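Structure record follows, encoded as structure tokens.
The values are calculated or read from the model by the stated rules, or taken from the named source; none is laboratory data. Computed from a predicted structure; not experimentally measured. In this analysis, Cβ positions are derived from the backbone assuming ideal geometry, glycine residues included, and neighbour counts consider all displayed protein chains. These area figures cover heavy atoms from the full protein model, side chains too; ligands, DNA and RNA do not enter into them. Shrake-Rupley method; radii C 1.70, N 1.55, O 1.52, S 1.80 Å.
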Amino acid sequence: IAWSPDGYRWSAPQFTSLWGFLIVPIPLRDGRLLAVYNHRREPQGIRCAVSDDSGKSWNMADEHVLWDQRARAVTGERVSESIGRRWAGSSMTEMFTWTLGVPHGIDLGDSTVLSTLYATQGDDRIHQRYVRIRVE
């Protein structure tokens, strides 16, 4: 993560506790940020986490799974509950079978965020998914 007070001068990039890519934090009306992102390590899927300090730190203890690639389903469970479902191979081997990604979200203004993503169920068809997330 890098910071800019004006969009012209930037800080040096810093690591975050989010492991993934295609992260576009969603500003919430209460000042927090919600990150919805691809998680490409075991167990793979789409996850979300909240930051109370403009993205400098993320509440990983309350990180949730939106799409679980192993279950091929929207779960909404905490990451700690989904750890038992693992892929048999490595992430690099499975890279050629990735059938999930490109999450995007918008704050709906009522303590919920609508997130879209694509994720297939192994039928060689791309399915668009919609997930409504209650952020408390």
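Report summary: the helix-based calculation at 222 nm, which adds -39500 (n - 2.57) for every DSSP H run with n ≥ 4 and divides by the residues of the chain, gives -1000 deg cm²/dmol. Applying 1/(1 + (r/R0)^6) with r as the Cβ-Cβ distance of Asp52 and Thr120 and R0 = 30 angstrom yields a FRET efficiency of 0.30. Farthest toward the positive end of the dipole of the chain, out of Gly7, Ala71, Ser115, is the Cα of Ala71, where the dipole comes from beta carbon charges about the Cα centre. Placing unit charges on the Cβ atoms only, positive for Lys and Arg and negative for Asp and Glu, gives the chain a dipole magnitude near 260 debye about its Cα centre. Solvent-accessible surface of protein heavy atoms, probed at 1.4 angstrom with all chains present, puts Tyr8, Tyr118, Tyr130 in the order Tyr8, Tyr130, Tyr118, largest first.
Excluding Asn59 itself, calculate the net charge of residues whose Cβ lies under 13 Å from the Cβ of Asn59, where each Lys or Arg counts +1 and each Asp or Glu counts -1. Taking every other residue near Asn59 into account, the sum is -1. Sorted on the mean count of surrounding Cβ atoms within 10 Å across their residues, most packed first, peptides 21-27, 68-74, 104-110 read 68-74, 21-27, 104-110. Relative contact order of the chain: 17 percent, from C-alpha pairs under 8 Å at least 6 residues apart in sequence.
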